[in-house]
Amino acid sequence: MLVPESRRDVVIIGAGVIGLVTAWRALQRGLTVTLVDPEPGSKASHVAAGMLAPVSEITYGEEPMLRLGLASLDRYPAFVAELEEVTGQDTGYRADGLLHVAFDGGDLASLDDLRRFQESLGVRAEALTGRECRTLEPMLAPSVRGGLLAPDDGSIDPRRLTAALLTAVDRAGGELVRLRATDVIVERDTAVGVRLAGGGEIRADRVVLAAGPWIGDLGGLPPDIVPPVRPVKGQVLRLKTTVPFLTRATWGLVRGSSIYLVPRANGEIVVGATQEELGYDTRITAGGIWELLRDAREVLPGITELEFIEVNASLRPRSPDDVPILGAAALPGLFLAAGHFRDGVLLTPVTGDVMAEVLAGGALPALAEAFTPDRFDKRARA
Ligand SMILES: Cc1cc2nc3c(=O)[nH]c(=O)nc-3n(C[C@H](O)[C@H](O)[C@H](O)COP(=O)(O)OP(=O)(O)OC[C@H]3O[C@@H](n4cnc5c(N)ncnc54)[C@H](O)[C@@H]3O)c2cc1C
């Protein structure tokens, strides 16, 4: 692809949901933006289940992260309405709640802890008996002991979301260069652009790294400017039903391990996900699929009748403290939007707003203060 000569306001490396939403929101601020990605939307954003669940049993954690997730969930209805209006594309957004179900007594006790935690945060959660769970979802196993309905949670189809964001970026005048970035160009201690595979370059006033677990691969940067973001593999599978089977996203706790099933309007059901620290390996394994099917079958025995349509693996971008890295880096001109780990789809709206504000020269929103890249420098100095 020909890379035009003129200088941009912003160049973004990586066009997953995080790079794309940053581009769209920055374009809306009147900035000129180029995205660089050889395969836009092909990695974690392609494989993700798309649950919008800021409080779940594995995201017990720090208050700032919960506040960020809840703020993003709040923004979702308006964000989706605007995106669908601008593009005419459906994103598969559903605000019909998330049902947690427990398989044995220990799982039920964990759900009760989760309910208390949600209530302490002012998050609505309704405890349900096994029978009430089956009234909501008749295909649940008779052995389901009880559950918890988080009525404000929801889900979205990340593939549709990515496709809509690509259209929105295009309509807003954004440029997409389908090449790999190899280096950040640094001159006089300032990031001034991006070098591309094949030799071209793009000059810009602000360079954003949004390349998921690959942000550390870029050459040209001084050491320790980019915090480590490591890959965490997740395998997921997709089933298909032609009859009513599951109406809302359902998260099962089965003897302490978790499994989720996320239905789409077209009959697809996403079943996920493994969590494996194996570097950049994305092989599908028999054991991974077996564990997912084994646990899913305990919760919804009828899944064995469904058509098996797809299996994938991709890499969640995990920062050293498990929460995102947002805002200006220590090198002038360089910005980071990475490390969204298990929640990048949930955090898409709030990330776009925070990054656009900062890129447009505004102050970092208070909501994002706990997520700046310099938290790692401070820790190193302490
Ligand atoms: C199995 C699984 C299930 C998940 N489920 C959920 C969920 O239910 N809810 C939720 O909120 N989140 C979920 N996530 C997490 C979510 O998918 C991620 O947090 C999110 O997609 C991260 O988006 P990203 O844009 O940072 O990264 P990615 O989507 O990985 O995008 C990074 C992009 O950078 C590009 N790139 C890499 N190197 C270069 C380079 N040198 N030059 C140019 N481009 C480059 C890649 O091509 C890619 O397009 C899940 C993830 C997985 C793996």
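Among all stretches of the chain without exposed GluC sites (Glu not before Pro) (DSSP loop, at most 15 other Cβ atoms within 10 Å), which one is longest?
Details: sites that count: 5, 62, 277.
Segment 63-276 is the longest.
Where only DSSP H runs of four or more residues are counted, the chain gives -9000 deg cm²/dmol as its mean residue ellipticity at 222 nm, each run worth -39500 (n - 2.57).
Here's how it looks for residue 273: its modeled amide H is under 5 Å from those of 260, which are all 5 or more places away or on a different chain. Residues whose amide H comes within less than 5 Å of that of residue 185, counting only those at least five positions distant or on another chain, are 192, 193, 194, 195 (H built at 1.01 Å from N in the peptide plane).
If a/c stays under 1.5 just call it rounded; otherwise compare a/b with b/c (prolate if a/b is bigger, oblate if not). Do that for segment 328-382, with a ≥ b ≥ c from the square roots of the Cα gyration tensor eigenvalues. Could you put the intermediate results ahead of the total?
Working: a/c = 1.90, a/b = 1.23, b/c = 1.54.
Oblate is the answer for segment 328-382, as a/c is 1.5 or above yet b/c matches or exceeds a/b.
Of all DSSP beta bridges in the chain, what percent run antiparallel (nearest 5)? Taking every DSSP beta bridge with both residues in the chain, the antiparallel ones total about 70 percent.
Hey, with R₀ at 22 Å, roughly what FRET efficiency would residue 275 and residue 297 work out to, going by the Cβ-Cβ distance, to 0.05? Numbers along the way, then the final one.
Working: r = 20 Å, r/R0 = 0.89.
It comes out at approximately 0.65.
Between residue 62 and residue 82, the simple label model (points 7 Å from Cα in the Cβ direction) yields a spacing of 2.7 nm. For segment 210-338, taking Cα atoms only, Rg and Dmax work out to 18.4, 56 Å respectively. Assuming charge only on the beta carbon of Lys and Arg (+1) and of Asp and Glu (-1), the dipole of the chain about its Cα centre is about 340 debye to the nearest 20.
Work out the length of the dipole vector of segment 17-90 about its Cα centre, built from +1 on the beta-carbon of each Lys and Arg and -1 on the beta-carbon of each Asp and Glu, and round it to the nearest 20 debye.
Numbers: 5 positive and 10 negative charges, 48 e Å.
Roughly 240 debye for segment 17-90.
Listed values for segment 176-182 are Karplus-derived 3J(HN,Hα) couplings in whole Hz (6.51 cos²θ - 1.76 cosθ + 1.60, θ = phi - 60°), namely 10, 10, 8, 9, 7, 7, 9, and x replaces Gly and Pro. Around the amide H of residue 52, modelled in the peptide plane, lie the amide H atoms of 154, 155, 156, all under 5 Å away and 5 or more residues distant in sequence or on another chain. In plain terms, the chain from residue 112 to residue 285 could stretch by 58.9 nm, reckoned as 0.36 nm per residue minus the Cα-Cα distance.
Legend: calculated FRET efficiency, residue 188 to residue 28, from the Cβ-Cβ distance at R0 = 45 Å, rounded to 0.05, equals 0.90.
Dividing the mean sequence gap of close Cα pairs (under 8 Å, 6+ apart) by how many residues segment 281-382 holds gives a relative contact order of 23 percent. For the chain, set up a GNM with springs between Cα atoms under 10 Å and report which of 52, 239, 315 has the largest fluctuation. Maximum among the listed residues: 239. Kirkwood's formula applied to the C-alpha pairs of segment 72-115 gives a hydrodynamic radius of 13.1 angstrom.
Filter the trypsin sites (Lys or Arg not before Pro) in segment 183-258 down to the DSSP loop ones having no more than 14 other Cβ atoms within 10 Å, then list what survives. If you can, show how the numbers build up before the last one.
Details: sites: 188, 195, 203, 206, 233, 238, 240, 248, 255; in loops: 188, 248, 255.
In loop regions of segment 183-258 (DSSP not H, G, I, E or B), the sparsely surrounded trypsin sites (Lys or Arg not before Pro) are 188, 255.
What would the Debye formula give as log10 I(q)/I(0) at q = 0.06, 0.14 Å⁻¹ for the alpha-carbon point model of the chain, no solvent? Reported log10 I(q)/I(0), two decimals: -0.23, -1.17. Look at where the Cα atoms of segment 208-227 and of segment 237-266 average out, and the two centres are 36 Å apart. From the residues 133, 239, 76, which one has its Cα farthest along the dipole of the chain in the positive direction, the dipole being from +1 and -1 charges on Cβ of Lys/Arg and Asp/Glu about the Cα centre? Comparing the listed Cα positions along the dipole, 239 ranks first.
Read-outs throughout are calculated quantities, based only on the coordinates presented, and are distinct from any laboratory measurement. No experiment lies behind these values; they were computed from the predicted model shown. Note that we place each Cβ from the backbone using ideal geometry, even for glycine, and neighbour counts take in every protein chain shown.
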